1. May I ask you to order 91-102, 46-57 by the average number of other C-beta atoms within 10 Å around their residues, highest value first?
2. In nm, give the distance between the simple-model label positions of residue 7 and residue 107, each being 7 Å from the Cα along the Cα-to-Cβ direction.
3. Would you pull out the residues with amide H under 5 Å of residue 56's amide H, same chain only if 5 or more places away, H placed 1.01 Å from N?
4. What distance in nm separates the two pseudo spin-label positions at residue 81 and residue 64, each 7 Å out from Cα along the beta-carbon direction?
5. What is the local net charge at residue 90, summed over the other residues whose Cβ is closer than 10 Å to its Cβ (Lys, Arg +1; Asp, Glu -1)?
Amino acid sequence: MTTATKSHRLILPFGFRVLVKVIKDEDRSEGGLYLPQGAKEETQEAMYGAVIEVARDKPTTEEMAENVSGVPSNAKVLFKKESGVRVPWDDSLRLLDVKDILATVEEHSSSDAH
């Protein structure tokens, strides 16, 4: 009996780039109606994602390697819908130039409101 091994891919961005995992919104309108797949994306100008890897000064994921991208790891960001390069084996991943990030987003629960 042979055991299949699953390979893992590690993407380490170079230069002023980050790897972002796109966060999909629910497929509902603000009124609660379900939208057909892709209908919401057609009208969106920006997308929302979480930075999962940043460019570093050394080709490693070790903590000693310094983040040179200027964007914090795990930050939530907004970026233009057409920006970046899709990762061929995972449509939810985008490799973005830092200049294509429009803003970072801080999430607060409604109980945090003043």
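1. Numbers: 91-102: 16.4, 46-57: 18.1.
Going from most to least packed, we get 46-57, 91-102.
2. Output for this residue pair reads 3.3 nm.
3. For residue 56, whose amide H was placed from the backbone, the distant partners under 5 Å are 68.
4. Output for this residue pair reads 4.6 nm.
5. Values: positive: 9, 21, 86, 94; negative: 91.
Its environment carries a net charge of +3.
Values in this text are rule-based calculations from the coordinates and carry no lab data. Source: prediction; values computed, not measured. Positions of Cβ are generated from backbone atoms using ideal geometry, with glycine treated the same way; all protein chains shown enter the neighbour counts.
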